[in-house]
1. Which of the residues belonging to region 60-86 are in a helix (DSSP H, G or I), of a type in the set (A, V, I, L, M, F, W, C) and touching a residue at least 60 places away in the same chain (Cβ under 8 Å)?
2. Being closer than 17 Å to Leu88 by Cα and β-branched (Val, Ile, Thr) is the filter here; which residues of region 109-136 pass it?
3. Looking at (1) buried (at least 23 other Cβ atoms within 10 Å of the Cβ); (2) outside any helix (DSSP H, G or I), find the lone condition where Val106 falls short.
4. Mind listing just one residue for me: the one in region 167-182 that is part of a helix (DSSP H, G or I) and not small (Gly, Ala, Ser) and, of those, surrounded by the most Cβ atoms within 10 Å (Cβ to Cβ)?
5. Restricting to strands (runs of 3 or more DSSP E) lying wholly in region 202-307: which have 2 or more residues that are surrounded by 18 or more Cβ atoms within 10 Å (Cβ to Cβ) and polar (S, T, N, Q)?
6. In this structure, is Lys94 touching an Asp or Glu at 6+ places or on another chain (Cβ under 7 Å) and either under 21 Å from Gln269 (Cβ atoms) or at pLDDT 95 or above (or both)?
7. Taking the criterion of being under 23 Å from Ile76 (Cβ atoms) and touching a Lys or Arg at 6+ places or on another chain (Cβ under 8 Å), would at least one residue in region 235-258 satisfy it?
8. Of the residues Asp89, Asp81, Asp66, Asp109, only one is modelled with pLDDT under 95 and not basic (Lys, Arg); which?
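The values are calculated or read from the model by the stated rules, or taken from the named source; none is laboratory data. What you see is a predicted model; the values in this text were computed from it and never measured. Here the Cβ positions follow ideal geometry from the backbone for every residue, glycine too, while neighbour counts run over all protein chains shown.
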Amino acid sequence: MPFRKTAAAAIAVFALTTTAACGKSGSPSDASGDPAGNTANSSAAAALPTYTVKTGVKLSGSKTWDRISKAGKITIGVKADQPNLGYLDTTTNKRSGFDIEIAKMVAADLGFSENKIEFKTIPSDGREDAIKGGQVDYYVGTYTINDKRKKDVSFAGPYFIAGQDLLVKSGSSIKSKESLKGRKVCSAKGSTSITRLQDGGYGAKIVAYQDYSLCVENLLSGQVDAVTTDDAILKGYAAQYPGQIEVLGKPFSEEPYGVGLLKGDTAFQTAVTAALKNHEDSGDWKKAYDATLGKSGAGATIPALAS
């Protein structure tokens with residue numbers, strides 16, 4: 001279903017009243033020269049946007065919404081070990097990153113301020129169970145939309161397009177995925193990155209850990225030869241260790257990130273899609289990107305939303 005129809009449908013099920021504009025505008029100009037602001041770039045320092053919390057939100061026919069309303073809070077599954085995407089600073093106990101901002105902007109449109117959000121760290125291999133079991137109301141954490149996962153959960157989005165790439169030590173002899181024969185390559189358990197390497201027949205020796213941070217630690221110590229996952233994640237780590245590790249910059253997949261939801265909860269899916277569209281149009285998406293992933297210097301195009 002085209003998004004415009006989805007947005008129209010959202011009006012029927014997503015009745016709300018708000019006394020203020022829905023979110024603040026993003027950065028006023030785009031360094032790429034796109035007057036529509038559809039490409040994000042961080043050539044200048046950027047500040048995180050703030051999100052106006054909507055009031056009087058009501059959503060009918062949604063099991064997820066019924067649970068949220070009863071709890072009086074919203075529970076969101078996220079990652080904790082991905083700098084500039086989904087990261088938890090254990091010293092301050094504060095979360096940051098582009099995925100965290102996406103989670104917050106959706107919550108705001110559902111009527112929940114940040115102090116009414118409970119974030120739960122859920123690893124890649126626990127996402128479907130957390131959504132199906134009601135541990136989280138939705139999940140935002142580099143969650144690639146694919147047909148296999150659609151058998152278990154529904155998605156809103158995509159809100160970002162990434163591509164699988166390789167993170168190696170600076171000066172490594174690994175120059176592409178074709179250089180991986182006999183090399184130890186690390187990724188997170190349950191990730192699509194492992195499946196793609198295995199199916200590609202590149203001859204890599206797969207090492208799987210619970211978190212990407214463990215993969216990076218083992219890369220730095222020489223226990224593995226490369227780390228593979230989406231380039232957005234890898235760029236965040238490369239920025240932490242300049243001159244020590246680098247992203248090859250040769251993506252070999254397209255990874256559309258979506259918000260994971262309870263399967264079949266169409267009313268909630270439509271509401272989340274409408275929230276994403278609202279914050280893309282307002283400029284919040286661009287501001288959030290510029291202040292997080294955009295710090296790497298890489299631009300990103302806002303993807304078209306699907307139902």
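1. Trp65, Ile68
2. Initially, region 109-136 is screened for residues closer than 17 Å to Leu88 by Cα, giving 114-115, 117-124.
The answer is Ile117, Thr121, Ile122.
3. (2)
4. That would be Lys177.
5. 226-230
6. Considered against the rule, which asks whether it is touching an Asp or Glu at 6+ places or on another chain (Cβ under 7 Å) and either under 21 Å from Gln269 (Cβ atoms) or at pLDDT 95 or above (or both), Lys94 comes out as no.
7. no
8. Residue meeting the stated conditions: Asp81.
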